[in-house]
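Quick one: structure below, then a few questions.
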Amino acid sequence: MLRRACEELADAENQKIEGTAETNNTFIPLERIKTQVEMFNHGYPVDEKELLDICETEGNEVNGGGSFDVRDGDQGSKSIRFVSGNERPTPQPVHKAVGYHPGSPIGAGVSGPVGSSEGGLVGGSR
């Protein structure tokens, strides 16, 4: 219900703004989302904290994917947007330090025993 509320409210908001078709950048105030979810829930009240807790749930194949971004606003207000799994950028791999290979000794390329005055400890002093 939260996803549906976010998508419908974002679509409605973007129709007001001519030429905007992107719903993934539209943050909707939590109060409006709460009202929309309560309508979907046949008028039964919904707790704002519960909605915010749902926003912390990672999307997967079982629950439809995607995620929610929560933004803090003025005077403690919050806004939410839904981002489908297809629109979220994939994480980039972490670049390793030059010359580093998994399983290699920490002091690779340093002559002498580790900790001696000939070698050197990574991050140590002489």
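What is the projected area of the convex hull of the Cα atoms of segment 2-83, averaged over all directions, in nm²?
Values: hull surface 23.3 nm².
Reported value for the Cα convex hull: 5.8 nm².
Now for a different question. Treat each spin label as a single point 7 Å out from the Cα along the C-beta direction, and report the E58 to E38 distance in nm.
Between E58 and E38, the simple spin-label model gives 3.4 nm.
Between K49 and E8, what FRET efficiency follows from the Cβ-Cβ distance if R0 is 30 Å, with the result rounded to 0.05? Before the final figure, lay out the partial values.
Details: r = 22 Å, r/R0 = 0.74.
Calculated transfer efficiency: 0.85.
Please report C6, C55 as a ranked list, fewest other C-beta atoms within 10 angstrom at the top and most at the bottom.
Working: C6 27, C55 19.
Ascending number of Cβ neighbours within 10 Å: C55, C6.
If Lys and Arg each add +1 and Asp and Glu each add -1, what is the summed charge of the other residues whose beta carbon sits under 12 Å from the beta carbon of R71? Kindly include the intermediate steps, with their values, before the conclusion.
Details: positive: K78, R81; negative: D69, D72, D74.
So the environment of R71 carries a net charge of -1.
All of the numbers you see were taken from the coordinates with simple rules; none came from a lab. Given the structure is predicted, the values throughout are model-derived calculations rather than measurements. Quick reminder, even Gly has a Cβ in these numbers, built from the backbone with ideal geometry, and neighbours come from all protein chains shown.
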